[in-house]
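The values are calculated or read from the model by the stated rules, or taken from the named source; none is laboratory data. Fair warning: this is a prediction, and the values are worked out from it, not measured in the lab. Methodologically, a virtual Cβ is constructed for each residue, glycine included, from the backbone with ideal geometry; neighbour enumeration extends over all protein chains shown. Quick note on the areas: whole protein, heavy atoms, side chains included, nothing else; ligands and nucleic acids left out. Shrake-Rupley method; radii C 1.70, N 1.55, O 1.52, S 1.80 Å.
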Amino acid sequence: MNFVREIHLARRLLARDYRAGELALITFAIIVAVASVTTVGFFTGRVKQALDQQANRLLGADIVIADSRPLGPELEQGATRLGLTVISVMRFPSMAIRGDRSILSEVKAVAPGYPLRGELRITDRLFAPDRQAEGIPEPGEVWVDERLYTSLDLGGGGGITLGKRDFKVSAIITQEPGVEMGFLSGAPRVLLNAGDLAATGLIQPGSRVRYRLNVAGSGDAVEQYREWARARLQPGQRLEGIRDARPELRSALERAERFLNLAALTSVLLAAVAIALATRRYLQRHLDGCAVMRCLGARQSLITRLYVMHFTMLGLLAAVVGVAIGAAAQLALARWLGEVVAVKLPLAGVLPAVQGLLVGLLLLLGFALPPLLGLARVPALRVLRRELGVPQGSGALGYLVGAGVIAGMILWQAQELRFGFTVLGWLILAMAAAAALGWLLLRALGTLRSRGISWRFGVASLQRRTFGTILQIVALGLGIMALLTLTLVHTDLLNTWRTGLPPDAPNRFLINLQRDQVAPIRDFFAGHGLPSPEIFPMVRGRLVRIGERSVAAEDFADDRARRLVTREFNLSWAPRMRADNRIVAGRFWPENTARVEQFSVERGLAEALGIRMGDVLTFDVAGTPVAATVTSLRSVEWDSFNVNFFVLAPPGLLDAHPATHVTSFHLAPGRIELLNSLVRTFPNIVLIDIAQMLAQVQRMIDHAARAVQFVFLFTLVAGLAVLYAAVASTQDERVYQATLLRTLGASRAQIHRAHLAEFVLIGAVAGIVAAAGATGLAYFVANRFLHMPYAPDPAVWLIGVGGSALGVAVAGWLGTRRVLAVPPLGVLRALG
């Protein structure tokens, strides 16, 4: 038989199975799988782009390239060739002078079009309602921030002098993207039209100028430019996006991605379970047909080829339908998201559609086809002896192949090997536990047969199908575990994430406090009815040695590591650990410790610089080397917006060095006048207002949380497919069993109760496995990958066991009602 005829025959087999309804369950499972994965792919891709774009508003661009020397024209030309928008920005320190008063300020010279991302907001009066700026300062004018406006007492009018040029102060800046990253950097700011820069005479050879190239455009072009520019960066040049900037913003974005990946992983798992269960039924229903084909002379190789073609056609058709449904569904959800959170999502790319097609084919060919290939080895003798089934070994091998496929897909979807292997490990443990509990259940139930005829029928049915029962328990256990993780558990995690940034989170920072101002600052807050803020000492030091090796930027390949070692660190000391810090290695020093030569290092910094427990770090603090041993590593909740430090020491190590102090506090919107009084009372302090940034980060968290909840709707559909497949996979056996029982005189009520006993037992065991697995998986995901605390909820067990037993019982009862509608005579004639 030639290849064309084989394709024609495979198509006819596909059409016959479709008309007979044989493929309904498998097709439904594939469509749900592909629709779920495609929707997740489309939607999460768009949400990630939207979150990145929203976050980039804080940076002022999609990408920023910075250097202390003028940037070569090739970097700007490369961006222009890709259709990107480019603006050059210069930043430098300068004295802002008004009469006999002066203050060191940071001047930013910008060109028309600034900013490329985000909003520049200004006001005409201090603390008055602001508005979005329409452009940049006119020639001869400057805009200043609140700190400079207050420090130079510009409320009475007038202007300032920068270098050789006098300028009129025409507005006060209330919100500006692209402010230097890090809470503890930056001076009072002045925004200057780049056209006025030459007249000031401030830029001379040797001037401390920071040149920045701001780039923005479409996502693909930006990523292409990022890779192109990264390969051409010169020593000292720095390329950063929002993920390379503020640690609290990077933390929020990474958590959002991990939540979305968790939802995608659940969709993949549920799809695989549904297809595996659907395949089991199809396999049983086609044993007779393959036996007849063997009797008519069909070789095993021919049957194998026919089923490969058959299922490849089925997979392609169902996957195309699934992609179409996924594309339509994500459009509807995107519109809903836009209405709810007022975020304009970017257009979706074609990659999720391609991934959806591959997912459908991989799940089908990897999880369904290997067991079905055993049909080619069905003995011809089955035509006479109906008890003969699939040859031994084919089913086990098929499920091993399917398990390998699903493992590879989980690792691919996780986008992080450690995360993927953790999920896989819990799945394997859950499968082993489900199989063991199922086997023990069947053994234990053998001693309880005296309890009612319906109970005995139900238990006997489970024991006759030992392998099938265990398979159902394993499949349902995995499916319900995934659903529990994303219903009860994901709600707890999202609530923890949201409450991690409470309404009273710090929104103002004070730096440059002197030692003798610590007590007066506390008295000032107490006098205005505010809680006294916690004030932290701080010294600045440059890391010069890790162990025996000197530290240099060229020793590190990672951009972030190079930036870290070229800057000065803010070092502090504390007798006890903060509540938003958690020890991940080693041990934090006890209070009143006698050993002061210790450092506690933030985990991310340690990973970036290769710092390990026991390493001796040496810092240059104002020309004096300070060395101590790393005795602990900490994880820090940067998105709490509390004052935190990369490196901490116990009291006694850094106390003798010149130090300033820093604190943070929350100021309600109705008490904004307190800031004027604070700055006038302590004119040397630097007040940093992060209220706008705090609100934007909170909105990003809310958007990400809603996105996960929207994506979860499709995992619910996949979960329903698992329940339907679990019930339908034993439908034919139940028809045959019910026919025999009715022939022997059993009533409909007795058969219904027997089925109910089966499903309650299966659901309860699956629920126990699911609750245990969901609790453990959520704990590991929260602590190891989301870096969040998680307290197990007893409701997980109650709803997991009770809800699973009830849900499976209801689904089973609904699915088996038609079993009793089949006339017994018709079944007996078919068997004869």
For this session: Among the residues of the range 221-232, count how many are assigned to a helix (DSSP H, G or I) and touching a residue at least 24 places away in the same chain (Cβ under 8 Å).
Result: 8
For this session: Among residues belonging to the range 172-216 that are small (Gly, Ala, Ser) and surrounded by 21 or more Cβ atoms within 10 Å (Cβ to Cβ), point out the one that is modelled with the highest pLDDT.
Result: Ala216
Problem set entry | Cβ pairs under 6 Å, 6+ apart, first in the range 152-176 and part of a helix (DSSP H, G or I), second hydrophobic (A, V, I, L, M, F, W, C) | Leu154/Val169
Exercise. Is there any pair linking a residue in the range 413-435 that is over 16 Å from Thr775 (Cα atoms) and open to solvent by 10 Å² or more (accessible area, probe 1.4 Å) to one that is at pLDDT 75 or above and part of a helix (DSSP H, G or I), with Cβ under 8 Å and at least six apart or on different chains, and which?
Worked result: Leu417/Leu411; Phe421/Leu411; Ala435/Ile470; Ala435/Ile473; Ala435/Val474
Exercise. Right, Arg595: farther than 26 Å from Arg515 by Cβ, open to solvent by 30 Å² or more (accessible area, probe 1.4 Å) and free of Cβ contacts under 8 Å to residues at least 60 places away in the same chain or not?
Worked result: no
For this session: Would you point out the residue of the range 108-133, among those that are within 17 Å of Ser170 (Cα to Cα) and acidic (Asp, Glu), that is most open to solvent (accessible area, probe 1.4 Å)?
Result: Asp124
Exercise. Here are some residues: Arg522, Arg540. Which one is among the basic types (Lys, Arg) and either in a helix (DSSP H, G or I) or out of contact with any Asp or Glu (no Cβ under 7 Å at 6 or more places or on another chain) (or both)?
Worked result: Arg522
For this session: Within the range 557-566, track down each residue that is surrounded by 14 or more Cβ atoms within 10 Å (Cβ to Cβ) and farther than 12 Å from Glu607 by Cβ.
Result: Asp559, Arg562, Arg563, Val565, Thr566
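One line per residue, one yes/no per condition, for (1) at positive phi; (2) crowded, with 17+ Cβ neighbours inside 10 Å; (3) modelled with pLDDT of 90 or more; (4) touching a strand residue (DSSP E or B) at 6+ places or on another chain (Cβ under 7 Å):
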position: Arg578; (1), (2), (3), (4): no, yes, no, no
position: Ile611; (1), (2), (3), (4): no, yes, yes, yes
position: Leu617; (1), (2), (3), (4): no, yes, yes, yes
position: Thr624; (1), (2), (3), (4): no, no, no, no
position: Ala628; (1), (2), (3), (4): no, yes, yes, yes
position: Thr631; (1), (2), (3), (4): no, yes, yes, yes
Exercise. Within the range 114-144, can you find the residues that are touching a Gly at 6+ places or on another chain (Cβ under 6 Å) and on the phi < 0 side of the Ramachandran plot?
Worked result: Pro115, Arg117, Pro139
For this session: For Arg243, indicate whether it is farther than 30 Å from Thr38 by Cα, open to solvent by 20 Å² or more (accessible area, probe 1.4 Å) and either modelled with pLDDT under 65 or of a type outside the set (Ser, Thr, Tyr) (or both).
Result: no
Seminar exercise, completed: If we keep only residues of the range 600-628 that are free of Cβ contacts under 8 Å to residues at least 60 places away in the same chain and touching a Lys or Arg at 6+ places or on another chain (Cβ under 9 Å), then the residue nearest to Asn581 (Cα to Cα) is Glu602
For this session: Within the range 394-402, identify whether any single residue is at pLDDT below 65, more than 19 Å from Ile473 (Cα to Cα) and out of contact with any Leu (no Cβ under 8 Å at 6 or more places or on another chain), and answer yes or no.
Result: yes
Exercise. Regarding Leu820, is this residue modelled with pLDDT of 75 or more and touching a helix residue (DSSP H, G or I) at 6+ places or on another chain (Cβ under 7 Å)?
Worked result: no
Problem set entry | Within the range 25-39, considering residues that are open to solvent by 20 Å² or more (accessible area, probe 1.4 Å) and more than 13 Å from Phe311 (Cα to Cα), the one modelled with the lowest pLDDT | Phe28
Exercise. Given the structure, is Leu648 outside any loop (DSSP other than H, G, I, E, B) and either within 19 Å of Met538 (Cβ to Cβ) or more than 30 Å from the chain's Cα centre (by Cα) (or both)?
Worked result: yes
Exercise. What do you reckon, is Ala252 open to solvent by less than 30 Å² (accessible area, probe 1.4 Å) and at pLDDT below 80?
Worked result: yes
Seminar exercise, completed: Restricting the range 283-318 to residues that are of a type in the set (S, T, N, Q) and at pLDDT 70 or above, the one surrounded by the fewest Cβ atoms within 10 Å (Cβ to Cβ) turns out to be Ser301
Exercise. Taking the range 658-671 only, how many residues are crowded, with 16+ Cβ neighbours inside 10 Å and not in a strand (DSSP E or B)?
Worked result: 3
Exercise. Taking the condition buried (at least 18 other Cβ atoms within 10 Å of the Cβ), closer than 30 Å to Ala430 by Cα and modelled with pLDDT of 65 or more, does Leu277 pass?
Worked result: yes
Exercise. Is there any pair with a first residue in the range 641-657 that is in contact (Cβ under 8 Å) with a residue 24 or more places away in the chain and over 15 Å from Arg595 (Cβ atoms) and a second that is open to solvent by 30 Å² or more (accessible area, probe 1.4 Å) and among the hydroxyl-bearing types (Ser, Thr, Tyr) whose Cβ atoms are under 8 Å apart and which are 6 or more apart or on different chains, and what are they?
Worked result: His657/Thr624
Exercise. Can you name the number of the only condition in (1) buried (at least 22 other Cβ atoms within 10 Å of the Cβ); (2) in contact with a Gly (Cβ under 8 Å, 6 or more places away or on another chain) that Leu162 fails?
Worked result: (2)
